[in-house]
Amino acid sequence: SVSNITVTNVSVSTVQGYSGGVVAYSRAGSTVDNVTVSGTVSSPAGVGGGVVATAEGSLTNLTSSVTVTGSFNLGGLAGSVNNSGSVSNSSASGSVTGSGSQVGGAVGSAAGTSPTCGTITNVTASGTVQASIYAGGVLGYGNCYFIYRSSSSSTVTSSSNHAGGIVGDDNFPG
């Protein structure tokens, strides 16, 4: 678990794999809480997130002012959240730009497993989001995920299709 950390002017880059402003990969059962980060994250051929590249646990009370660039699964807070992980009480500002798909102001992609789908709750995003497909102000692409009490004032652009103010593409149950 990672908690109570502030990182200023971080610069993280990897050619392949996972690039996170604070954590590259947070496994199931892990928590990332009360983290503030600013700077840049670059992941040209992998997953990139302002705070965490990939998370399978709980992300709470995060604040990110990070410029994130790369290809796919990119987010201002997390590039991908899997295994019904959760994101709550967090905010992201800055630009998130991907040449590929699944790019979100807060989370690039989120995948849960029914019947225990994941949640994004009380999350705000602002800035710009750009992708070729699946661009969303909060979430780029979601499968078995629910979004509650969240908002975006991001400018969202897709060079192909599937751009949404909150979600680029949802595959939510129900």
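So, in the range 72-87, exactly how many residues are modelled with pLDDT under 95, open to solvent by 10 Å² or more (accessible area, probe 1.4 Å) and among the small types (Gly, Ala, Ser)?
Looking only at that region, the number is 1.
List the strands (runs of 3 or more DSSP E) inside the range 128-167, counting only whole elements, that have at least 2 residues being over 14 Å from the mean Cα position of the chain (by Cα) and modelled with pLDDT under 95.
Strands (runs of 3 or more DSSP E) meeting the threshold: 155-164.
When you check Val7 against the structure, is it touching a strand residue (DSSP E or B) at 6+ places or on another chain (Cβ under 6 Å), surrounded by fewer than 21 Cβ atoms within 10 Å (Cβ to Cβ) and either not in a strand (DSSP E or B) or not basic (Lys, Arg) (or both), yes or no?
yes
Do we find that Pro44 is open to solvent by 20 Å² or more (accessible area, probe 1.4 Å) and either in contact with a helix residue (DSSP H, G or I) (Cβ under 6 Å, 6 or more places away or on another chain) or free of Cβ contacts under 8 Å to residues at least 24 places away in the same chain (or both) in this structure?
no
Among the residues of the range 113-127, count how many are open to solvent by 30 Å² or more (accessible area, probe 1.4 Å) and either within 10 Å of the chain's Cα centre (by Cα) or of a type in the set (S, T, N, Q) (or both).
Qualifying residue count for the region: 7.
Take the range 10-25 and flag every residue that is assigned to a strand (DSSP E or B) and either open to solvent by 60 Å² or more (accessible area, probe 1.4 Å) or touching a residue at least 40 places away in the same chain (Cβ under 8 Å) (or both).
Correct list: Val10, Ser11, Ser13, Gln16, Tyr18, Ser19, Gly20, Tyr25.
Let me confirm something: among Ser95, Ser90, which residue is modelled with pLDDT of 95 or more, within 13 Å of the chain's Cα centre (by Cα), surrounded by 18 or more Cβ atoms within 10 Å (Cβ to Cβ) and among the polar types (S, T, N, Q)?
Ser90
Can you go through Ala106, Ala131, Ala110 and tell me which one is over 21 Å from Ala24 (Cβ atoms), among the hydrophobic types (A, V, I, L, M, F, W, C) and buried (at least 23 other Cβ atoms within 10 Å of the Cβ)?
Ala131
The values are calculated or read from the model by the stated rules, or taken from the named source; none is laboratory data. These figures come from a predicted structure and were not determined experimentally. Counting neighbours? That spans all protein chains shown, and the Cβs are built from the backbone with ideal geometry, glycine included. For accessibility, only protein heavy atoms count, side chains too; no ligands or nucleic acids. Shrake-Rupley method; radii C 1.70, N 1.55, O 1.52, S 1.80 Å.
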